[in-house]
Amino acid sequence: MDSPAGEGLGRLLEVLALCASRGSLYALISVGFALALGSGGVLNLFHGSFFLIGAYGAYLAAAANLAGESPVTRFLATLLVGAAVGALALCYHRAILRPAAGSWLRLVTVGMAANLLVSEGFRAYFGTRSASVPPIVDGTTRVGALNVPTQELFIVLVAATILSALGWVLTRTSWGLSIRAVAQDPVGARLVGINPTLTLAITVALSGLLAGLAGALAAPTRIVRPDM
């Protein structure tokens with residue numbers, strides 16, 4: 001029989017593994033939201049729905065057997081789902097966010113209405129039943145005395161890689177410097193040849209891609225349902 005100290009350590013490791021996985025997902029979601037808000041002052045309350053759409057995108061890809069059985073093909077399908085949500089975010093920016101950008105009240109109202117429309121649309125189509133998605137990477141990995149689902153560790157690895165790459169892009173590339181310039185002074189950025197509208201559109205698309213990717217990565221570890 002395990003000692004109380006051993007059981008306590010096992011529970012602590014379990015909590016830490018869960019926090020690392022969930023924190024990685026929240027980081028992907030929040031970084032995208034902060035990029036859109038910081039670069040253009042756009043309060044995109046529809047951002048959470050990009051996460052939901054990404055999760056259902058992963059479910060539909062798995063249901064149609066588009067992801068295959070290989071971890072490589074499943075991960076590629078996950079990336080494609082994220083890219084598709086990014087394209088949707090670009091369309092949402094052009095049709096909804098851009099016309100309403102001058103009024104925070106309109107942004108809040110439109111965002112809440114769009115969220116409700118999406119969640120009710122999924123509920124009408126899928127009903128109240130929940131759905132499950134097979135993991136990208138099967139099995140468990142032993143961490144100390146704890147067996148952690150490999151999918152959870154995979155989420156941490158993917159999020160760390162993406163966020164590190166994003167940090168490099170924002171600090172080392174001309175596009176990243178353009179985003180920071182628009183965030184600091186849109187008028188000044190325009191005077192030096194930067195197009196704030198285009199920069200914001202690309203930023204919103206990137207934020208949607210990150211949220212959609214987070215949803216697709218989270219789908220195998222959670223129950224996919226309209227209120228997730």
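The values are calculated or read from the model by the stated rules, or taken from the named source; none is laboratory data. Just so it is clear, the model here is predicted, and its values are computed rather than measured. Please note: Cβ atoms are built from the backbone with ideal geometry, for glycine as well, and neighbour counts cover all protein chains shown. With ligands, DNA and RNA removed, areas are computed over all heavy atoms of the protein, side chains included. Shrake-Rupley method; radii C 1.70, N 1.55, O 1.52, S 1.80 Å.
Quick notes on this one:
- Between helix 47-63 and the chain there is an angle of about 50 degrees, using the helix long axis and the longest principal axis of the Cα atoms.
- Mean separation of Cα pairs under 8 Å and 6 or more residues apart, divided by the residue count, gives the stretch 133-197 a relative contact order of 15 percent.
- Note on F126 and A87: the extension gain reaches 11.7 nm, defined as 0.36 nm multiplied by sequence separation minus the Cα-Cα distance.
- At R0 = 35 Å, FRET efficiency that the Cβ-Cβ distance of T161 and R190 yields, to 0.05: 0.55
- The chain: angle of helix 104-126 to the longest principal axis, Cα-based, in degrees nearest 10: 40
- For the pair the stretch 172-201 / the stretch 36-81, the C-alpha centres are spaced 27 Å from each other.
- A63 sits among other residues whose Cβ lies under 15 Å from its own Cβ, and their net charge, with Lys and Arg +1 and Asp and Glu -1, is +2.
- Approximate spin-label separation V72-S103, in nm, with each point projected 7 Å along Cα-to-Cβ: 5.3
- Accessible-area composition of the stretch 73-136, carbon plus sulfur, in percent [1.4 Å probe]: 71
- Average accessible surface area per residue within the chain, 1.4 Å rolling probe, Å²: 52
- Between amide H atoms placed 1.01 Å from N, distances below 5 Å from T141 occur with V148, T150, all of them 5 or more places distant or on a separate chain.
- For L177 and R94, a Förster radius of 25 Å and the Cβ-Cβ distance give a FRET efficiency of 0.55, rounded to the nearest 0.05.
- Percent accessible area from carbon and sulfur atoms, the stretch 169-228, protein chains only, probe 1.4 Å: 58
- Protection proxy ranking of 180-191, 148-159, 45-56 - average other beta-carbon atoms within 10 Å, highest first: 45-56, 148-159, 180-191
- Modelled label positions at C19 and N115, each set 7 Å beyond Cα in the direction of Cβ, lie 2.7 nm from each other.
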